[in-house]
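The values are calculated or read from the model by the stated rules, or taken from the named source; none is laboratory data. Keep in mind it's a predicted model, so treat the numbers as computed, not measured. Counting neighbours? That spans all protein chains shown, and the Cβs are built from the backbone with ideal geometry, glycine included.
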Amino acid sequence: MTNSGTDMRHHKKPIISPLRYPGGKASLYTRLRAIVRANELTSGTYVEPYAGGAGAALGLLVTGQVRRIVINDLDQAIYAFWKAAIREPREISRMIQKADLTVAEWSRQKDIYLNGPRDDYLSLGFATFFLNRTNRSGVLNGGPIGGMDQTGKYKIDARFNRETLVERLRLISLYSKKITITNTDGLNIIKRYSKRENTLIYADPPYFEKAGSLYLNSFEHAHHSSLANCLNGAGEAKWLLTYDNVPTVAELYPDRRREIFSLNYSAHRVTKANEIMVFSDSLVVA
Ligand SMILES: C[S@@+](CC[C@H](N)C(=O)[O-])C[C@H]1O[C@@H](n2cnc3c(N)ncnc32)[C@H](O)[C@@H]1O
């Protein structure tokens, strides 16, 4: 195969999520697609109990790899964004088109994000989106790209390409009837969907290390072990899990198949494989 063949494969990974997510898993699209096919789940439901930016889920849906997706996140702000994207795509798009990309507007949106009414999903969802696109690395409690004085090399609008973002929302809205959005603990979602046929669950919980600084609700050790109890007890279900590659993963999942991998795989660089996948016994690993 020529180099251009490799490039083609690379470009086939669709970028659909309007959210930037540190450690986002859109790049696992090709692998997940292979797993969906090997398990004959192309007419099934794909579930992300810890969805965040839901990049892989949306990629699989809009390319027709799965029929339905479930996007769950416990963070109310993230949930508000997804709900607004599905229910009010035109309004969100209008807000994107006319948003002022200034530090003053950033401060206003930050105030809505921190202090606004939690049940106004449109304003909370937009504030979440605005901060996600204008903050350094998309970290919601971080500062704006370029700094408060905007003297940095990149400015606050560096990641806010209105046309691209509106186009992604339009694409998602075409599939809104195929998307279920929920706001509960990931464990509830795993319990609910692990009993269903024709379903693939991909759990990407907050990592053991650094999770606290990246996500608003970081996991305690007790959460990690409850998750392990739940998944280890659901061997009939088809699930996979990713984590940072720390020894605790082997301790929590001693009897499951595991595979070390690198998220930032690049043909041009030597990268350290520092993530790990765990598979349920009934999953055909492809
Ligand atoms: C590692 S991130 C997921 C990243 C995602 N796979 C992506 O590609 O964007 C983990 C997510 O889990 C959410 N979360 C944290 N605790 C949770 C819980 N108990 N139940 C459900 N979601 C939770 C966080 O808000 C965060 O969005």
I'd like to verify a number: residues in the range 53-65 that are surrounded by fewer than 24 Cβ atoms within 10 Å (Cβ to Cβ) and touching a Gly at 6+ places or on another chain (Cβ under 7 Å), how many?
0
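Does Ala57 qualify as being among the small types (Gly, Ala, Ser) and either assigned by TED's automatic domain parsing to the domain that holds Leu174 or touching a His at 6+ places or on another chain (Cβ under 8 Å) (or both)?
Numbers: among the small types (Gly, Ala, Ser): yes; either assigned by TED's automatic domain parsing to the domain that holds Leu174 or touching a His at 6+ places or on another chain (Cβ under 8 Å) (or both): no.
Taking the combined requirement at face value, the residue does not satisfy it.
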The range 146-165 - residue that is among the acidic types (Asp, Glu) and not in a helix (DSSP H, G or I) and, of those, farthest from the ligand (Cβ to nearest atom):
Asp149
When you check Gly116 against the structure, is it farther than 17 Å from Asp185 by Cα and assigned by TED's automatic domain parsing to the domain that holds Leu200, yes or no?
no
Checked the range 166-195 for anything in a helix (DSSP H, G or I) and away from the ligand (no atom under 16 Å from the Cβ); matches are Val166, Glu167, Leu169, Arg170, Leu171, Ser173, Leu174, Ser176, Lys177, Lys178
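When you check Arg37 against the structure, is it part of a loop (DSSP other than H, G, I, E, B), charged (D, E, K, R) and in contact (Cβ under 8 Å) with a residue 24 or more places away in the chain, yes or no?
Values: part of a loop (DSSP other than H, G, I, E, B): no; charged (D, E, K, R): yes; in contact (Cβ under 8 Å) with a residue 24 or more places away in the chain: yes.
It is false that Arg37 is part of a loop (DSSP other than H, G, I, E, B), charged (D, E, K, R) and in contact (Cβ under 8 Å) with a residue 24 or more places away in the chain.
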Among the candidates Asp120, Asp204, residue that is modelled with pLDDT of 95 or more and within 16 Å of the ligand (Cβ to nearest atom)
Asp204
Only one of (1) in contact with a helix residue (DSSP H, G or I) (Cβ under 6 Å, 6 or more places away or on another chain); (2) more than 19 Å from Gly53 (Cα to Cα) does not apply to Asp120, and that is (1)
Checking the structure you have, find out if any residue of the range 125-132 is of a type in the set (Gly, Ala, Ser), over 16 Å from Ser17 (Cβ atoms) and surrounded by 15 or more Cβ atoms within 10 Å (Cβ to Cβ).
yes
Hey, any hits in the range 176-184 for a residue that's of a type outside the set (D, E, K, R), out of contact with any strand residue (DSSP E or B) (no Cβ under 8 Å at 6 or more places or on another chain) and in the same structural domain as Pro144 (by TED's automatic domain parsing)?
yes
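Quick check on the range 66-83. Is at least one of its residues out of contact with any helix residue (DSSP H, G or I) (no Cβ under 9 Å at 6 or more places or on another chain) and small (Gly, Ala, Ser)? Before the answer, list the steps.
Initially, the range 66-83 is screened for residues out of contact with any helix residue (DSSP H, G or I) (no Cβ under 9 Å at 6 or more places or on another chain), giving none.
No, the range 66-83 contains no residue that is out of contact with any helix residue (DSSP H, G or I) (no Cβ under 9 Å at 6 or more places or on another chain) and small (Gly, Ala, Ser).
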